[in-house]
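Every number in this text was worked out from the coordinates using simple rules, so none of it is lab data. These numbers were taken from a predicted model, which means no experiment stands behind them. Methodologically, a virtual Cβ is constructed for each residue, glycine included, from the backbone with ideal geometry; neighbour enumeration extends over all protein chains shown.
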Amino acid sequence: MSDPGSSPEAPIDEPTVRPKPRRWPLGALTLIAVIVIGVGILVFGGDDDASTATSIPTLGTIGVPTGDEAPDFAIDLIGGGRFVMADELAAGRPVVLNLWASWCLPCREEMPAFDAVAAAHPEVSFIGVAVEDDPIAAEEFAAEIGVSYPLAIDESDAVSNQYPSPGLPTTFFISTDGRIIYTVYGGVTEAEIVDVITKVFGS
């Protein structure tokens, strides 16, 4: 796994892209934007100063570059209750936001790992949000997988619109001061999750 201290994004595995996602135009625009940005960097050159590296948007972080303020959100949880990110941060708990879907195989494979890490690190707030998914299928999968950390369904696209991604799963690590400090695209293992939260949150 890449060292969180050396790179703002860490592709762990190729994210799964649904054959016909509901928001395909957004994905297409994201890819086009990335290509344009990449060409601009090649033509005009980049700044070698590490302090400016996080200002360059990369695939999946258009609108929420690593290092920028994390958009606040509140969402109803499967089984009852409500997750409010601002409340978690105010309580001194950094947030790990994992975007998933019932049709995404890597999402299914990594969720037990998130469950184990969430149980071992109560000082970190974990939230899994189903995006671009059928609500019934997502709720059935949530019951089947049986994880203990909060799960929600983004029926209104409120979360996915604020946290765009090229595919699933995608995980955002948000510090207590409300900034996205690390982003992972693709499935992760339990050891990899622990490695990231230890290095970026000191947990």
In the range 94-203, what chymotrypsin sites (Phe, Trp or Tyr not before Pro) fall in a loop by DSSP, with at most 15 other Cβ atoms inside 10 Å? none
What is the set of long-range amide H partners of Gly187 at a cut-off below 5 Å, with H atoms built 1.01 Å from backbone N? Asp13
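Taking the beta-carbon count within 10 Å as an exposure proxy, list Asp134, Asp157 from fewest neighbours to most.
Values: Asp134 16, Asp157 13.
Fewest to most other Cβ atoms nearby, the residues stand as Asp157, Asp134.
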Whole-Hz Karplus ³J(HN,Hα) for the range 168-183, in order, using 6.51 cos²θ - 1.76 cosθ + 1.60 and θ = phi - 60°, x for Gly and Pro? 10, x, 9, 10, 10, 9, 10, 6, 5, 8, x, 10, 6, 10, 6, 9
HN-Hα J couplings of the range 103-111 from phi, Karplus 6.51/-1.76/1.60, θ = phi - 60°, integer Hz, Gly and Pro as x? 8, 9, 4, x, 5, 4, 5, 8, 4
Arrange Ile136, Ile153, Ile78 by Cβ neighbour counts within 10 Å, fewest through most, would you? Ile136, Ile78, Ile153
